[in-house]
Amino acid sequence: MLRVGGLTRCSSADYPGKLAAVVYCQGCAWRCGYCHNPELQPSRGAHEIPWDEVRAFLEKRRGLLDAVVFSGGEPTLQRALRDAIQAVKRMGFLVGLHTAGIVPRRLAEVLPLVDWVAMDVKAPLQDHERVTRVRGSGRRARRSMQLIRASGLACELHTLAIA
C-alpha cells in the first residue's frame, strides 16, 4: 500500500489548467537544507493517511476534480506507486507526478501511465551532491531528466538558484 503523508483535497496550482487533488507520498532519500516538506522525509510518518481512505475520497470526487498529482517526499521511492497510479487512472482522473528523479528505474516504469510530470532539479548537476547530501544524486537527476524528455510527456522542470 502507498504510504501517504498528506493530502491536498483541491488545488488549482499543482497540475497546469486542472483542478487536482495532491497525494503527498511519505519518504525522501535526499536531505536538501531548503526542503519545504521535511516531515515527509522519513519513510514512515507520524500522521499517515491510509491509502484506502485516499481512494474513497477520490471516488467521491469523480466529476469534480480533473486530476490527481502524486508528490512528496518522493513518490518514486515507493514500490506501490505504480498500483496507486493505475487505480487513479481507472477512476478516470488525469495523473500528474512531481518528482526529484531519485529513482530513475521506477520513474521509467510509471512514465507511460502519467499524463504530466514536473521534476524538481535541486541544484546545478555539479552541485547536486552538496545540496542533497547524497552521493550520486546528480547522476540520478540527469538520468531522470533524460527519461522525461524521451517520454514526450508535457512536463515542467522546477529549478532553484543556490547561492
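Looking only at segment 62-78, count how many residues are in a helix (DSSP H, G or I) and touching a strand residue (DSSP E or B) at 6+ places or on another chain (Cβ under 7 Å). Selection size over segment 62-78: 2. Scanning segment 102-140 for residues that are of a type in the set (Gly, Ala, Ser) and either surrounded by fewer than 19 Cβ atoms within 10 Å (Cβ to Cβ) or in a loop (DSSP other than H, G, I, E, B) (or both) returns Ala108, Ala123, Gly136. Restricting attention to segment 11-34, the residues that are within 14 Å of the chain's Cα centre (by Cα) and assigned to a loop (DSSP other than H, G, I, E, B) add up to 7.
A quick yes/no check of all residues on (1) over 12 Å from Val4 (Cα atoms); (2) within 13 Å of the chain's Cα centre (by Cα):
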{"site": "Arg61", "(1), (2)": "yes, no"}
{"site": "Val69", "(1), (2)": "yes, yes"}
{"site": "Gly73", "(1), (2)": "no, yes"}
{"site": "Gln86", "(1), (2)": "yes, no"}
{"site": "His98", "(1), (2)": "yes, yes"}
{"site": "Arg105", "(1), (2)": "yes, no"}
{"site": "Trp116", "(1), (2)": "yes, yes"}
{"site": "Leu125", "(1), (2)": "yes, no"}
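Taken together, Leu64, Leu7, Leu19, Leu97 contain a single residue that is of a type in the set (A, V, I, L, M) and surrounded by 19 or more Cβ atoms within 10 Å (Cβ to Cβ), which is Leu97.
In this structure, does Asp83 turn out to be in a helix (DSSP H, G or I) and either touching a residue at least 24 places away in the same chain (Cβ under 8 Å) or surrounded by fewer than 20 Cβ atoms within 10 Å (Cβ to Cβ) (or both)? Yes: the conditions hold for Asp83. In segment 93-142, the residue that is modelled with the lowest pLDDT out of those that are of a type in the set (Lys, Arg) and in contact with a Leu (Cβ under 9 Å, 6 or more places away or on another chain) is Lys122.
The values are calculated or read from the model by the stated rules, or taken from the named source; none is laboratory data. Predicted, not measured: the structure shown is a model, and the values here were computed from it. Positions of Cβ are backbone-derived with ideal geometry, glycine not excepted, and every protein chain shown enters the neighbour counts.
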